Amino acid sequence: MKELMTLVRREPVLLHAMIQAFLAMLMGFGLNMTKEQMTLVMMFVGSVTAFITRSQVTSNPEVAKQVEVALNTPAPEKTIT
């Protein structure tokens, strides 16, 4: 169980895709749900996994600083030879 939770924390987007694929497979094999119900379930799964994904993302100040420098640095002039 601990390995599963580690995987969920490390790869929440993979969990999202697996759950949606599983639900789509169940519908394909005759799960009695309307399209609207399936859409609501998929939206719920997406919002939960987005919440998990967001909690696992942290900003890196060093990378942000490098991006800011890169964006503020003018592009070198091209010379035609």
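Structural remarks
- Here the Karplus relation 6.51 cos²θ - 1.76 cosθ + 1.60, evaluated at θ = phi - 60°, turns the backbone of segment 24-30 into coupling constants of 5, 5, 4, 5, x, 8, x Hz, with x for every Gly and Pro.
- Percent RCO, i.e. relative contact order, over the chain, from Cα pairs under 8 Å lying at least 6 residues apart: 41
- Rounded if a/c under 1.5, otherwise prolate or oblate - segment 2-70, Cα gyration tensor axes: prolate
- Counting beta carbons within 10 Å around each of PHE29, PHE22 and listing the fewest first gives the order PHE29, PHE22.
- Summing Cβ point charges (Lys, Arg +1; Asp, Glu -1) relative to the Cα centre of the chain gives a dipole of roughly 140 debye.
- Selection of GluC sites (Glu not before Pro), the chain, meeting DSSP coil and at most 16 other Cβ within 10 Å: GLU77
- The trypsin sites (Lys or Arg not before Pro) found in the chain that occupy coil by DSSP, while having at most 12 further C-beta atoms within 10 Å, are LYS78.
Read the figures in this text as sums done on the coordinates, not as results from a lab. Given the structure is predicted, the values throughout are model-derived calculations rather than measurements. Cβ atoms come from the backbone with ideal geometry, glycine included; neighbour counts cover every protein chain shown.
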